[in-house]
1. Can you work out the PRE-style zone for A:ALA64? Point 7 Å along Cα to Cβ, and I want the residues of the range A:25-45 with backbone N under 19 Å.
2. When only Cα pairs under 8 Å and 6 or more residues apart are kept, what is the percent relative contact order across chain A?
3. What fraction of the DSSP beta bridges in the range A:10-248 is antiparallel, stated in percent and rounded to the nearest 5?
4. Could you give me D for the range A:144-207, from Stokes-Einstein at 20 °C and 1.002 mPa s, where the hydrodynamic radius is the Kirkwood radius over C-alpha pairs? Units µm² s⁻¹, please.
5. How large is log10 I(q)/I(0) at q = 0.08, 0.10, 0.11 Å⁻¹ when the Debye formula is applied to the Cα atoms of the protein assembly as shown, each weighted equally and without solvent?
6. Amide H neighbours of B:ILE185 under 5 Å, counting only residues 5+ apart in sequence or on other chains, H built in-plane at 1.01 Å?
7. Rounded to the nearest 500, what is chain A's calculated 222 nm mean residue ellipticity when only DSSP H runs of at least 4 contribute -39500 (n - 2.57) each, over all residues?
8. At q = 0.14, 0.18 Å⁻¹, what is the base-10 log of I(q)/I(0) for chain A according to the Debye formula with one equal point scatterer per Cα and no solvent? Please give it to two decimals.
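Nothing in this text is a laboratory measurement; each read-out follows from the coordinates by a stated rule. Please read these numbers as outputs of a predicted model, since none were measured by experiment. We place every Cβ from the backbone using ideal geometry, glycine too, and count neighbours over all the protein chains shown.
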Amino acid sequence: MKDAFGAPQTLLLLGGTSEIGLATARRLIARRTRRVYLAGRPSPALEQAAQDLRALGAETMTVAFDALEPDTHEEVLGKVFADGDIDTVLLAFGVLGDQARDEQDPAAAARVAQTNYTGGVSAALVCGTALQHQGHGSLVVLSSVAGERARRSNFIYGSSKAGLDAFAQGLGDALHGCGVHVMVVRPGFVRTRMTEGRREAPMATTADAVAEAVEAGLRRRTEVVWVPAALRPVMAALRLMPRPLFRRLPL
Amino acid sequence: MAVLPPAPDTAPAPTPVSGWGRTAPTAARLLRPASYEEAAAALREAAHSGRGAIARGLGRAYGDAAQNAGGAVLDMTGLDRIHEIDAVNGLVVCDAGVSLHKLMQVLLPLGWFVPVTPGTRYVTVGGAISADIHGKNHHVSGSFSRHVRALELLTGDGETRLVTPQDEPELFWATAGGMGLTGVILAATVELLPVRTSLMRVDTERAADLDDLMARLAANDHRYRYSVAWIDLLARGARTGRAVLTRGDHAPLDALGAAARRDPLAFRPGRLPAPPRMIPEGLLTRRTVGAFNEFWYRKARTGSGRLQRLSTFFHPLDGVPDWNRIYGRGGFVQYQFVIGYGHEEALRRIVRRIGAHGCPSFLAVLKRFGDGDPGWLSFPMPGWTLALDIPAAMPGLGALLDELDEEVAAVGGRVYLAKDSRLRPDMLARMYPRLDDFRELRARYDPHGALTSDLARRLAL
């Protein structure tokens, strides 16, 4: 169960090698988390991540999970929930793709959408329903500012996050009053492996800063979290900017 | 796996339930049994559902004691009959859902009072036993269960048992303070306290700092039936722990004026309007609460033998319905611990730390406990108990309270489960040495786990 400060005792991380996800797991283990499931494609990196969390004192299990195979989600994730209550699910998987290449390779572009959006829809539905049966729990969905308004430089990724973001908000409303809290997290540019080598956007942040914001959001039962928080007014302004002007921005 | 929640017009959906602190709400099916048979049926069904049931009274436990995510919560306030009053010997037999408020209404005119009352009369008899509540008279009268002659308990195996401390001491003392986890209390026989009037005769004094306060309490607490001190935890430096002591007893008839003597047992608690539903976050800060505390400390009218209404003395906050709303959406945490006599240094350290952290707490209460009762998970033990309210949104609060837990456990103290919403599970066994016995007894009487709560899940009770 979560305590009065929203600190979970059990965590299911979808995207078990996600840097933001693992940074959050470490933070939560420092508070109350004692049991962690890392769901992801089996790999040495996933096992290593589990090993690292065990060293911090959390009983950690790995679960073979593939966002691109939504048909398996119900069975794979159902087993996790059958083990016992999950207090917090963090949906952290996602791929950035390569915008320039993917524009030439529609199949690759579709895979970005399938991972980030379709995979997210299926996994979030399975988890949302399971949490509803428990009558408690938080579902944290990692979205992105890229989904707030599509930009020339990464609209494939951005559109997939826009879809996921809209879906998660709707799911949050559907689950309102069921004891389940759905939180959408919109980080700006996060310095991680995924963004390595890319030109940093203004107001860049770190995985640890996102983790801190997630922990605070769980405490306050917030519905939407921006990281950094100043991105909220900035994006509100950018949303209203006329297209001809927006198009010319070096974003 | 089932689909998303049904549209509002179909089957009754689980509703969010939270404790008085309004933190960590979870959803459960709220059932309101109107008879013992309905309660038994509800428990049976809950046992089959796999997520169990827990009894709930008036929801005054601050944390998650009367919540049961995904399962059933039995609202016991539907069982509120007073079966029998023995006005000669001072005994009442009543349903578990009867509130202390109702008992006072009915019993005061007959010259009887509840043996123990907490800071609110809006608790049920069942809740009072489950949390083994204490009051300002603990140093004289012990906790509530000491005054319970018998109780009717619906255990998880479906049996209804008459449990007395003589015939079934194990089950009785596991149930006293057992947070509702040994069974659903259906009814109880409670011993009462004779009173001549409904007024209190009260002595009020100020203490300049914590040492002064502790000295005053230790010196002459035994002369009063009721004793408590409000303590300003925001005052720092030389004023750390300054306090207002209020101590007294039920007023004898000759203390009343001629007018009051005409109806000496009248019970007239006043009520103020409730605070609005939506209250902005962050109303209670160091500054606002500090100003309030300053005012409270200065306005205290010191003196002895002043007459007060019973409700003013015991239940000042009951005058404001839903006062817990002033903490806003984020809710609040109450932290109450007890530290044995001889460990005053640990208490001083904790008070200093709370002050240094700037916890905006305006309802801090210090009291001396007398002997504890045999309840396995009963909270009181001889020593000093401090209770304080803190907004849950306060940054760093979780870590601070964890550190205070360490201080408390290190000197053999404990925190109060009826107030708890954040204790670490491994701390529990250090604080409650009979925890293993309690678990073993639960397994015996409730082999299929019909009874459970969020508190039980969080702390692996």
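1. A:37-45
2. Relative contact order here is 19 percent.
3. Values: 0 of 31 bridges.
The antiparallel fraction comes to roughly 0 percent.
4. Stokes-Einstein gives a translational diffusion coefficient of 164 µm²/s.
5. -0.68, -0.99, -1.15
6. B:LEU154
7. Using -39500 (n - 2.57) per qualifying helix, the result is -14000 deg cm²/dmol.
8. -0.90, -1.51
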